[in-house]
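The values are calculated or read from the model by the stated rules, or taken from the named source; none is laboratory data. Quantities reported herein were computed from a predicted structural model and do not represent experimental measurements. Positions of Cβ are backbone-derived with ideal geometry, glycine not excepted, and every protein chain shown enters the neighbour counts.
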Amino acid sequence: MSAILEIDHLTKRFGGLCAISNCDVKVEAGDTHGIIGPNGAGKTTLFNLITGIYKPTEGDIRFRGESISGFRPGRIALKGVGRTFQNIRLLKSQTVLENVRIAFDSQLHYSPLEAMLRLSRFGRAEKNSVAACLELLEPFGLADQAHDLAGDLPYGSQRKLEIARALALKPDLLLLDEPAAGMNTGETADLTEFLRWVRDHFQLTLVLIEHHMHLVMNLCDRITVLDFGQTIAEGTPEEIRANPRVIEAYLGGTEEE
Amino acid sequence: MKSLLDSVARCRWALPVLVAAGFAYALACESFPILNDYSEVVLVTVGINIILCASLNLVNGYMGEFSVGHAGFMALGAYASAIMTTKWLPASFFELPLGVLFGGGVAALVGFPLALLSFKTRGDYLAIITLAFLMIVKSAIENISYVGGPRGMTPPVLTTLPWTFFWVVVTLWVIRNLVYSKFGRAITAIREDEIAANAMGVRVREAKILAFVTSSFFGGVAGALYAQVNFFIDPKSFDIVKSTEILVMVYLGGIASLGGSIIGAVIFTVLLQVLQPLGTWRMVILPLILVLLMLFRPRGIMGMRELPWFLPARELFKRPKP
């Protein structure tokens, strides 16, 4: 197996604050990789660096062997990096279908002139896009609500829609920022099964930030632990569970649920 | 009554029939003395305002920016076409269409760098930049003696009702096609959440350029038509007051709605004429009507909604009310 995502000596400073310092992460293709760490450890900053929202101060990010650090966010997304957000970022006044269609539009190839003059390639592409997006919504249980406003969906469905939307990009790498945030134990268990299905069905590499240890330990092949912007441990769930530094920094001796 | 209106609105063949009827009427007005000159000028003005409104709606409504420079594009279109018709082209049937296309082209060309500026700035700051752009255009024209400087130009009267109608239809058709394509969805996504749009693979820069260039092209087209109807254009006709008028029509009709743009342009233009006998009081009554309208309909008459006629057949789902 080869590494799909390599992060080398990555540093991000906001003025005097060092959010990420000299961080290394390596994600193998096909793996499910967990990123855990206490609040403020720099996990979301790491995602924002990978997806181009922030530019690294130092270090390099390689996706499938190609350096993507400094690329604009849209370009990185089109290379095959999908993501969801910790605070859901759906287009709330657009319908469920439209949310997915906008992401799926990256697969449509026609020029502005073809669109303005409604040439044949445009019509065909548009028609296929609606069908493909409805099909994509099906396994998420959202096909029936396709024409509802995204903002009107219940919270859990909004989380699912964000994942569906990211998948419409046809990514190779999917970054999930706290997919189980705000969910109870039962819902988290369902989500674990669902993510497993998504990973296998779409043949993705998953990287997820999560606080629910149950989900992380069940789903992930490897785990990276961040603290104060630094990698303090990396390994299989068993290794992480036994690592004294992790217990000290993160679990703090408390029993997990 | 309401259900009748509803069934007419859902009738797919009604729009082509209306367009054909409108065009036939416009041609008839040309050949027979159906309308007096005054009414014809008012109708042409309505048409020009619809074009202005729909094109500005692309940037201000669909993309959610706030451009106050639309009169600047209008000025560019007006002067470019006036140069074409008064100085370069011999009188012929093609004088007006060529002038209009040239006017739109020049405006689109200038719209491009403005789009580049919109990469870095948004909201209020972009509004200031478009205001500066408007001032630059105005004072530039004032200082070019080739186009008469502050004294203005006197282009020939070429804009006819059929030509105006033709350009209104072209504008609405092209903008509607653009809006209901991946580019239109990208433009709307930028309005809602630029960060999310990026994560969804939207080519933000491409979409912004497209919105600005298309909007300024049709702004220029409207300016060109305006120049050939009024006998006279001068830089003062294209100041911030003109921009404000277009803004009022856009927000009156409703943002992100072509149907709204038509309604806004018609109501504003006609009211301005109907209230003429009131003299100075017109400028009291008209703003009052606008204030009342905004109180009862803060999103404008058709804000974020669209006439079903304008939705492409594949987009005709049951839409939720916003």
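One table, with the values for the structure above:
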| item | result |
| --- | --- |
| Selected residue [out of contact with any Lys or Arg (no Cβ under 8 Å at 6 or more places or on another chain) and closer than 21 Å to B:Trp309 by Cα] from B:Leu35, B:Leu96, B:Leu18, B:Leu89 | B:Leu18 |
| Filter result (of a type in the set (A, V, I, L, M), over 21 Å from A:His147 (Cβ atoms) and surrounded by fewer than 17 Cβ atoms within 10 Å (Cβ to Cβ)) within segment B:287-314 | B:Leu288, B:Ile289, B:Leu290, B:Val291, B:Leu292, B:Leu293, B:Met294, B:Leu295 |
| Restricting segment B:8-43 to residues that are charged (D, E, K, R) and part of a helix (DSSP H, G or I), the residue that is modelled with the highest pLDDT | B:Glu40 |
| Selection within segment A:164-184 - assigned to a loop (DSSP other than H, G, I, E, B) and closer than 16 Å to A:Leu219 by Cβ | A:Glu178, A:Pro179, A:Ala180, A:Ala181, A:Met183 |
| Condition met for A:Phe140 (modelled with pLDDT of 90 or more, under 22 Å from A:Ala77 (Cβ atoms), crowded, with 21+ Cβ neighbours inside 10 Å and aromatic (Phe, Trp, Tyr)) | no |
| Subset of segment B:186-208 that is touching a residue at least 12 places away in the same chain (Cβ under 8 Å) and over 16 Å from B:Ala115 (Cβ atoms) - its residue that is farthest from the other protein chains (Cβ to nearest Cβ) | B:Thr188 |
| Count of segment A:58-68 residues which are closer than 14 Å to A:His9 by Cα, out of contact with any His (no Cβ under 8 Å at 6 or more places or on another chain) and surrounded by 14 or more Cβ atoms within 10 Å (Cβ to Cβ) | 2 |
| Matching helices (runs of 4 or more DSSP H) fully within segment A:59-148 where at least 3 residues are without any contact (Cβ under 8 Å) to a residue 24 or more places away in the chain and more than 7 Å from chain B (Cβ to nearest Cβ) | A:120-137 |
| Positions within segment B:143-185 being within 10 Å of another protein chain (Cβ to nearest Cβ) and in contact with a helix residue (DSSP H, G or I) (Cβ under 7 Å, 6 or more places away or on another chain), in sequence order | B:Val174, B:Ile175, B:Arg176, B:Asn177, B:Leu178, B:Val179, B:Tyr180, B:Ser181, B:Lys182, B:Phe183, B:Gly184, B:Arg185 |
| Test result for A:Ile35, surrounded by 21 or more Cβ atoms within 10 Å (Cβ to Cβ), closer than 30 Å to A:Gly141 by Cα and away from chain B (no Cβ under 14 Å) | yes |
| Qualifying residue in segment A:154-167 (condition: touching a Phe, Trp or Tyr at 6+ places or on another chain (Cβ under 6 Å), away from chain B (no Cβ under 12 Å) and closer than 20 Å to A:His33 by Cα) | yes |
| Candidates B:Gly219, B:Gly264 - the one that is closer than 27 Å to A:Leu113 by Cα and assigned to a helix (DSSP H, G or I) | B:Gly219 |
| Test: A:Lys55 is surrounded by fewer than 19 Cβ atoms within 10 Å (Cβ to Cβ) and more than 21 Å from A:Ala3 (Cα to Cα) | yes |
| Residue in segment B:281-290 that is of a type in the set (Val, Ile, Thr) and under 23 Å from B:Asn177 (Cα atoms) present | no |
| Pairs where the first residue, in segment B:291-318, is of a type in the set (A, V, I, L, M) and the second is surrounded by fewer than 13 Cβ atoms within 10 Å (Cβ to Cβ) and assigned to a loop (DSSP other than H, G, I, E, B), C-beta under 6 Å, 6+ apart | B:Met304/B:Pro322 |
| Any chance B:Ser145 is surrounded by fewer than 22 Cβ atoms within 10 Å (Cβ to Cβ), farther than 18 Å from B:Phe66 by Cα and among the small types (Gly, Ala, Ser) | yes |
| Pair list, Cβ under 7 Å, 6 or more apart: segment A:4-28 residue closer than 16 Å to A:Asn48 by Cβ, other residue buried (at least 16 other Cβ atoms within 10 Å of the Cβ) and of a type in the set (Phe, Trp, Tyr) | A:Leu5/A:Phe63; A:Lys12/A:Tyr54 |
| Residues that are surrounded by fewer than 23 Cβ atoms within 10 Å (Cβ to Cβ) and either at pLDDT below 90 or in contact with an Asp or Glu (Cβ under 7 Å, 6 or more places away or on another chain) (or both), drawn from segment A:158-180 | A:Glu178 |
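Rundown of residues vs (1) surrounded by fewer than 18 Cβ atoms within 10 Å (Cβ to Cβ); (2) under 26 Å from B:Pro155 (Cβ atoms), yes/no style:
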site: B:Ala14; (1), (2): yes, no
site: B:Asn36; (1), (2): yes, yes
site: B:Ile50; (1), (2): no, yes
site: B:Tyr62; (1), (2): no, no
site: B:Met74; (1), (2): no, yes
site: B:Ala78; (1), (2): no, yes
site: B:Ser81; (1), (2): no, yes
site: B:Ala91; (1), (2): yes, yes
site: B:Leu109; (1), (2): yes, yes
